[in-house]
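Worksheet: one structure, shown below.
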Amino acid sequence: MRTFDENVTPIFMLGISIKLMATAMAGAIPANPLDIHVELVKPEVAVAQVAACGMKNVRSKLDDTLQEDVIEVGDVSASEEQLRCVARASLVSSYYVVFPLSVERGYQTVYQRMSNEKDKADAKAWLEKRGLLSRLPTYDPKHSDEVAFVRELEAMCGPNATGTIKTMHGMGTFEGDAVSSGKLNDGTFWCLINGAAASGYPFGFIGNEQYGERP
């Protein structure tokens, strides 16, 4: 994928697309209960949405790495407003958009910022609806005790969450078979995911092989 190590998938940066992908990972990830609408559209519709941002050379193609359709833009220049428009279309439709190198870096900066903001807002809404937002621990990458923060996050999400997060020097992931073993029910799983996203704590999966198939 575009801007992160191929072995680490940071959920907080990828928003709804990664959460949808998670449900298909070896059948081990609980269903996504997020209370927002994801517009699953055909590639040609996503192409039209991106083109509506003022892009002239737009097409869909199968990405060999992702093994899914992405929207490719051939325009070699774009304004900040156009990049925001394209990023918004990508976030709504869940299709990744790729540009020529001359535009890609600037687009990535815009996309990641908007994606992170959306993820954080969605996560806070999820927690607030369940009466958990006021209990969300504060995370400061420069000053927080990471282990203490993670233990508070687990405590917020209930007894099934205890000991399920592994800290990795500024990033968290799930311990061993915490997901594939079935220890985490749907609510606990998404409580941890949304708690991390809402607090700004980087959290990710490390390799699909960590989560064997559910019996």
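The values are calculated or read from the model by the stated rules, or taken from the named source; none is laboratory data. Note that the structure is predicted; figures quoted are calculated from it, not measured. FYI the Cβ positions are ideal-geometry reconstructions off the backbone, even for glycines, and counts take in every protein chain you see. In case anyone asks, the SASA skips ligands and DNA or RNA and just uses the protein heavy atoms, side chains included. Shrake-Rupley method; radii C 1.70, N 1.55, O 1.52, S 1.80 Å.
Mind checking which lysines have their Cα closer than 26 Å to the Cα of K56? Skip sequence neighbours fewer than 8 apart in that chain.
The qualifying lysines are K42.
Sort largest first and round to whole Å: the equivalent ellipsoid semi-axes of region 37-158, each the square root of five times a Cα gyration tensor eigenvalue.
So the three semi-axes of region 37-158 are 35, 16, 13 Å.
What nm distance separates the two modelled labels at D69 and L40, each placed 7 Å from Cα along Cα→Cβ?
About 1.3 nm, to one decimal.
Would region 98-190 count as rounded, prolate or oblate if I go by the C-alpha gyration tensor, calling it rounded below 1.5 in a/c and otherwise prolate when a/b exceeds b/c, oblate otherwise?
Note, shape of region 98-190 comes out prolate.
Report, in cubic angstrom per residue, the convex hull volume of the C-alpha atoms of region 36-100.
So the per-residue hull volume is 84 Å³.
Please compute the modelled spin-label separation between S102 and H169, points set 7 Å along Cα→Cβ, answer in nm with one decimal.
Each label point lies 7 Å from its Cα, and together they span 4.0 nm.
For region 47-130, give me the percentage of DSSP beta bridges that are antiparallel, rounded to the nearest 5 percent.
Rounded to the nearest five, the antiparallel share is 75 percent.
Using modelled amide H (1.01 Å from N, peptide plane; none on Pro or chain starts), what sits under 5 Å from the amide H of V97, excluding residues fewer than 5 places away?
Answer set, sorted by chain and number: I71.
Given region 80-123, what whole percent of its Cα pairs are spread farther than 18 Å?
Taking all Cα-Cα pairs of region 80-123, the fraction more than 18 Å apart is 20 percent.
Once amide H atoms are built 1.01 Å from N in the peptide plane, which residues 5 or more positions from S60, or in another chain, come under 5 Å H to H?
E72
May I ask you to give the solvent-accessible area per residue for region 80-215, in square angstrom, as obtained with a 1.4 angstrom probe?
Ligands and nucleic acids excluded, the figure is 49 Å² per residue.
Using θ = phi - 60° and the Karplus curve 6.51 cos²θ - 1.76 cosθ + 1.60, what whole-Hz ³J(HN,Hα) does each residue of region 118-127 get, with Gly and Pro shown as x?
5, 4, 5, 5, 4, 5, 5, 5, 4, 5
Would you work out the charge dipole size for region 134-178 about its Cα centre, treating the Cβ of every Lys and Arg as +1 and the Cβ of every Asp and Glu as -1, and quote it to the nearest 20 debye? It would help to have the intermediate numbers written out before the result.
Numbers: 4 positive and 7 negative charges, 19 e Å.
I would put it at about 100 debye.
Residue by residue through region 105-115, what is 3J(HN,Hα) from phi via Karplus (6.51 cos²θ - 1.76 cosθ + 1.60, θ = phi - 60°)? Round to whole Hz and write x for glycine and proline.
4, x, 5, 4, 4, 5, 4, 5, 4, 5, 5
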